[in-house]
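Structure record follows, encoded as structure tokens.
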Amino acid sequence: MDNASGTPLHPKVTEAIIPLLKEGFGNPSNLHHFGRMTSDAIQTARGQVAGLINAKPNEIIFTSGGTEANNFALKGILPAHKKKGNHIVTSQIEHFSVLNPLKSLEKSGYEVTYLPVDKYGMINPDDVKKAIKPTTTMVSIMYANNEIGTVEPVKEIGSLTREKNIIFHTDAVAAVGNIPVDVKENNIDALSLSANQFGGPAGVGALYVREGVRIRPFMEGGVQEGGRRAGTENIMGIVGLGKASELAQSEMSQRVNKMQSLRDRLKDGILKNISHVYVNGHPTNRLPGNLSLCIEFIEGESILLFLDMQGIAISSGSACTSRSLKASHVITATGVDAALAQGTILFSLGINNSENDINYVLEKLPPIIDRLRQMSPLYSQKK
Ligand code: PMP
């Protein structure tokens, strides 16, 4: 139940990768038939990824994952538009693979506005509008938040940025493959995605860059990926990402319905059986498999470890920061106080979860919470 940290490989993705593992050794840049075989496989994958987000194949650049895609979008697109200005609008709840590159850019003379969010983690498009000034070159706002699941008003932001001729980048790592995403309909100019969020392998992703948007190579070397991203391609990873994209596109509505109904059953069961529990994120505009909770008087890490002993894998806050034991910047931005934020846990359901999994969690979780609360000085004071 920790699919936000990475999903299991879809069996059909494994099947698609195996022939390449055996015979996909040809360098795709080579003209001989070994090279043509792998370069054809990459082109097929490019079409599959493009199909998932309604882009053109030549608008897809393969990367080593979401982190590289976000770094590339910021450090590749912004310098290519420096003449226009040096101001970027983003939000306080972005992933660190957006926030940290922005921090570096600030040190080299860029100006960044970090927009707040409401109690649901929602960005107000009016705030985006107000933050825009003549020097604004880019708005980078995530499509959906990986910790609390809130889906942001991307369409409104996209029409605003298109009207003002400002580049709109969205970190859609948590969204692509889990909910329908259409770059054209939403006027998105650049978008980051990652394969292991929807049945593909870890360590591979892509950056979509709309035709006509300038981007400077971030990884320099050869002329792979149309000269935009150098280095011999991760053939197996890319083929896996392609197949995962094709499957996600064809199974999207079934997947969304299944995850949503399992998530709602889990949520209702927990709220019914455990007191002092708060649901994070937006009540309706949220990722179908996401259930983020604040459980009062105890720490998320203790719940995680006790559930792990029962064979249940969850996350406390974000997967990427769960070792830091700091209250999540996302939860705190929604106005939750620091003590309650310590009790954050995240269930992120995937397509492999079943009704039985939900029943099992609903059986195991309440006694664990009871036991931890009995040990908590905060809980005895409350009583
Ligand atoms: N952005 C978001 C919203 C994410 O959830 C993640 C992964 N947890 C990333 C970026 C980074 O992606 P990757 O792990 O593929 O580098």
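The values are calculated or read from the model by the stated rules, or taken from the named source; none is laboratory data. Note that the structure is a prediction, hence the values are computed from the model and not measured. All Cβ positions, even for glycine, are placed from backbone atoms using ideal geometry, and neighbour counts span all protein chains on display. Ligands, DNA and RNA are stripped out before the accessible areas are found, and what is left, the full protein with its side chains, is counted by its heavy atoms. Shrake-Rupley method; radii C 1.70, N 1.55, O 1.52, S 1.80 Å.
Karplus-based coupling profile of segment 162-172, in residue order and whole Hz: 5, 4, 8, 6, 10, 6, 10, 9, 10, 7, 9, with θ = phi - 60° in 6.51 cos²θ - 1.76 cosθ + 1.60 and x standing for Gly or Pro. Ranking SER348, SER39 by solvent-accessible area of protein heavy atoms (1.4 Å probe, all protein chains present), from largest to smallest, gives SER39, SER348. Between GLU299, GLU106, GLU147, the Gaussian network model of the chain with springs among Cα atoms under 10 angstrom shows the greatest mean-square fluctuation at GLU106.
Within segment 146-204, list the trypsin sites (Lys or Arg not before Pro) lying in a DSSP loop whose Cβ has at most 16 other Cβ atoms in a 10 Å radius. Sparse-neighbourhood loop trypsin sites (Lys or Arg not before Pro): LYS164, LYS184.
Rolling a 1.4 Å probe over the protein heavy atoms leaves VAL361 with an accessible area of roughly 0 Å².
Largest GNM mean-square fluctuation across GLY158, GLY177, GLY227, computed for the chain with C-alpha springs under 10 Å, falls on GLY227. Bridgeable aspartates and glutamates around LYS56 (alpha carbons under 16 Å apart, same-chain partners fewer than 8 residues away excluded): ASP182, GLU185, ASP189, GLU211, GLU225, GLU246.
Once the Cβ-Cβ distance between ALA339 and ARG216 is put in as r, and R0 is 51 Å, what FRET efficiency do you end up with, to the nearest 0.05? That gives a FRET efficiency of 0.70. Rolled with a 1.4 Å probe across the full set of protein chains, the surface gives SER253 an accessible area near 80 Å².
With bins 5 Å wide beginning at 0, the percent of Cα pairs of segment 252-382 falling in each bin runs 2, 10, 21, 24, 22, 14, 5, 1, 0, 0.
For the residue pairs LYS75/LYS103; LYS75/LYS326; LYS107/LYS130; LYS119/LYS272; LYS82/LYS107; LYS22/LYS243, the alpha carbons lie more than 19 Å apart in LYS75/LYS326; LYS107/LYS130; LYS119/LYS272.
With bins 5 Å wide beginning at 0, the percent of Cα pairs of segment 199-294 falling in each bin runs 2, 10, 14, 14, 13, 12, 10, 11, 7, 4, 3, 1.
Rounded to the nearest whole Hz, the Karplus-based 3J(HN,Hα) values (6.51 cos²θ - 1.76 cosθ + 1.60, θ = phi - 60°) of segment 19-30 follow the sequence x, 6, 4, 7, 10, x, 8, x, 6, x, 7, 7, with x at glycine and proline.
Add -39500 (n - 2.57) for each DSSP H run of 4 or more in the chain, then divide by its residues: what number comes out at 222 nm, to the nearest 500 deg cm²/dmol? Walk me through the numbers on the way to the answer.
On the way: 13 runs with 159 residues, N = 383.
About -13000 deg cm²/dmol.
When only Cα pairs below 8 angstrom with a gap of at least 6 residues are kept, segment 180-285 shows a relative contact order of 20 percent.
Taking the 0 to 90 degree range and rounding to the nearest ten, how far is the long axis of helix 355-375 tilted relative to the main principal axis of the chain, both from C-alpha atoms? Taking the Cα atoms of the chain, the angle to 355-375 is about 60 degrees. With contacts taken as Cα pairs under 8 Å and at least 6 residues apart, the chain reaches a relative contact order of 22 percent.
Sort THR44, THR14, THR334 by accessible area with a 1.4 Å probe, largest first. Please report the intermediate quantities before stating the final value.
Values: THR44 85, THR14 50, THR334 20 Å².
Descending accessible area places them as THR44, THR14, THR334.
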